[in-house]
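Worksheet: one structure, shown below.
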Amino acid sequence: MAVKRYETILVEKQNGITWVTFNRPDKRNAMSPQMHLDMDDVLDELASDEETQVLVITGAGESFSSGQDIRLYFRGTETDPVMRAKARRASNQWRWQKLSTFPKPTIAMVNGFCFGGAFTQVCACDFAIAADEAMFGLSEVNWGILPGGIVSWNVAQVMNYRDALYYAMTGDTFDGKKAREIGFVNMSVPKAELRQATVTFAKKLMEKSPAALRYTKEAIRAVRFMNEPQANDYLSAKSDALRYNDKEKGREQGMTQFLDEKSYRPGFGHYKRKAAESTT
């Protein structure tokens with residue numbers, strides 16, 4: 001699939017990894033209405049892109065994203081209700097609905113400032129890797145509002161209750177190391193090592209069955225809101241659906257290599273994937 005050009009984001013494909021970069025570095029990658037429209041479109045494009053095995057979201061320059069562009073997103077749409085509704089719909093769609101249900105593994109690579117509304121896309125991604133030097137902050141309280149949209153819900157899901165309250169009510173910042181300590185990101189590394197650490201992790205994911213990864217992420221997200229009987233029924237149905245829809249027949253490959261060929265041990269590694277032939 002050819003790479004489309006966008007006004008506010010850059011798209012780069014490299015060895016199965018697709019990098020989507022917020023590209024307003026002069027504005028610390030604050031999210032404008034146009035950025036929301038661009039991101040809403042690109043996620044649709046990449047969801048069915050066979051070249052995209054892992055999606056990485058990051059920011060150009062010194063910031064991941066400083067949140068919503070207050071001038072363009074809030075004040076700039078006050079007299080244009082049509083654009084405000086359009087921007088709000090795109091913002092909600094791409095930052096949560098589309099990103100949290102994206103069919104491939106997703107990684108937020110937090111390279112710098114991450115404030116306010118930008119927490120939502122970090123939470124929506126399956127994984128987050130931060131630079132030690134990255135700076136996070138729920139700054140809404142500092143200008144008289146609460147973390148709106150669904151940011152409050154996001155942080156209450158990903159952070160523990162005490163940390164969510166503390167950072168939302170004080171507006172205090174925390175760095176990548178602290179983000180790892182409180183479990184907001186999976187790992188934190190020096191900024192100079194950030195891209196390579198992300199590539200290494202993405203390659204690890206690409207060794208696994210794509211279907212198993214997709215169904216696992218969907219299952220983990222869904223069962224958090226179920227009781228035990230509901231989860232049992234859901235996971236049984238999900239397992240059956242995985243076997244039916246896995247074009248690579250990963251379960252069969254894994255069992256054959258483990259039981260018959262004795263070429264790997266599931267507790268210590270993965271089976272050797274034999275990718276399904278493309279239907280295009």
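Taken together, K217, K247 contain a single residue that is without any contact (Cβ under 8 Å) to a residue 40 or more places away in the chain, out of contact with any His (no Cβ under 8 Å at 6 or more places or on another chain) and either among the basic types (K, R) or surrounded by 10 or more Cβ atoms within 10 Å (Cβ to Cβ) (or both), which is K247. Filtering the range 39-57 to residues that are under 23 Å from I129 (Cβ atoms) and open to solvent by 10 Å² or more (accessible area, probe 1.4 Å) leaves A47, E51, Q53. Taking the numbered list (1) touching a helix residue (DSSP H, G or I) at 6+ places or on another chain (Cβ under 8 Å); (2) touching a residue at least 60 places away in the same chain (Cβ under 8 Å) in turn, S139 passes all entries but (1).
The C-beta contact set for the range 80-100 (first residue at pLDDT 80 or above, second residue among the basic types (K, R) and surrounded by fewer than 19 Cβ atoms within 10 Å (Cβ to Cβ), distance under 8 angstrom, 6+ apart or interchain) comprises S100/R221. Here the range 1-17 is the region considered, the condition is being touching a residue at least 24 places away in the same chain (Cβ under 8 Å) and under 17 Å from F64 (Cβ atoms), and the residue that is surrounded by the fewest Cβ atoms within 10 Å (Cβ to Cβ) is L10. Restricted to helices (runs of 4 or more DSSP H) entirely inside the range 118-227, those with at least 1 residues that are touching a Cys at 6+ places or on another chain (Cβ under 9 Å), modelled with pLDDT of 95 or more and not small (G, A, S) are 118-124, 151-158. Only residues that are under 18 Å from L242 (Cβ atoms) and among the hydroxyl-bearing types (S, T, Y) were counted across the range 253-269, and they come to 1. Just one of the listed residues (K249, K204, K238, K191) is touching a helix residue (DSSP H, G or I) at 6+ places or on another chain (Cβ under 6 Å) and of a type outside the set (A, V, I, L, M, F, W, C), and it is K238. Only a single item in (1) surrounded by 15 or more Cβ atoms within 10 Å (Cβ to Cβ); (2) on the phi < 0 side of the Ramachandran plot is not met by R28, and it is number (2).
The values are calculated or read from the model by the stated rules, or taken from the named source; none is laboratory data. What you are looking at is a predicted structure, and each value in this text was computed from that prediction instead of being measured. Cβ atoms come from the backbone with ideal geometry, glycine included; neighbour counts cover every protein chain shown. These area figures cover heavy atoms from the full protein model, side chains too; ligands, DNA and RNA do not enter into them. Shrake-Rupley method; radii C 1.70, N 1.55, O 1.52, S 1.80 Å.
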